[in-house]
Amino acid sequence: MASVVFPKTYEDILTSDQIDYMMEWMYSEESLRRQMDEGGHIYYVAYREDEPAGYLSIQPEGEHVYHLQKLYILPSFQGMHLGRLLFEQAIAAIKALHPAPCQMRLNVNRHNKALAFYQKMGMKMVDEGDFPIGNGYYMNDYIMGLDI
């Protein structure tokens, strides 16, 4: 799924070289294993009927903070409210893992049209930054937060 949705999401924002670099950096088998085994990422996959349609991952980031690392819906399934369902799944999963009040945060590219979706879901901008990811590339993001 990532090989379809990630390049499509960023085709008008990032260069194809940066997309290729980030795909290897975030989605190689080695990277995914490290995320889950060492980084505490938990992945969820959304299905529409029997077909995978999207995914998300959450990660503990501190005593009372979880990071929504990924939330992507395949283009052919966008507009079917699956993003909302995955977002709600992230909140439910975090509440199950951390019953005390905490915050869910995420980084979103400043030019990503999903910014409006996250605002609609109640997230607020708490910071922004230009984060080096290697090979001379940066993630130019807003950091958004939601108290849960």
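Bear in mind these aren't lab numbers, they're just calculated from the coordinates by the rules spelled out. Bear in mind the structure is a predicted one, so any value in this text is a computation, not a measurement. Neighbour counts are summed over all protein chains in view; Cβ atoms, including those assigned to glycine, are modelled from backbone coordinates with ideal geometry.
Annotations for the structure displayed:
- Bridgeable aspartates and glutamates around Lys124 (alpha carbons under 12 Å apart, same-chain partners fewer than 8 residues away excluded): Asp147.
- Ser31-His111 pseudo-label distance in nm [points 7 Å out on the Cα-to-Cβ vector]: 2.0
- Dipole in debye (nearest 20) - the chain, about Cα centre, beta carbon charges: Lys, Arg +1; Asp, Glu -1: 560
- Protection proxy ranking of 1-9, 29-37 - average other beta-carbon atoms within 10 Å, highest first: 1-9, 29-37
- Cα point-scatterer Debye curve for region 67-132, base-10 log of I(q)/I(0) at q = 0.20 Å⁻¹: -0.92
- Burial ranking of peptide ranges 102-109, 61-68 (average Cβ count within 10 Å, highest at the top): 102-109, 61-68
- The distance from the alpha carbon centre of region 16-32 to that of region 116-136 is 19 Å, rounded to a whole number.
- Full-extension gain in nm, Ala100 to Gln78, via 0.36 nm per residue minus C-alpha separation: 4.7 nm
- Across the chain, C-alpha contacts under 8 Å between residues 6 or more apart give a mean separation that, scaled by the residue count, equals a relative contact order of 18 percent.
- Region 86-106 and region 38-66: distance between their alpha carbon centers, rounded to Å: 11
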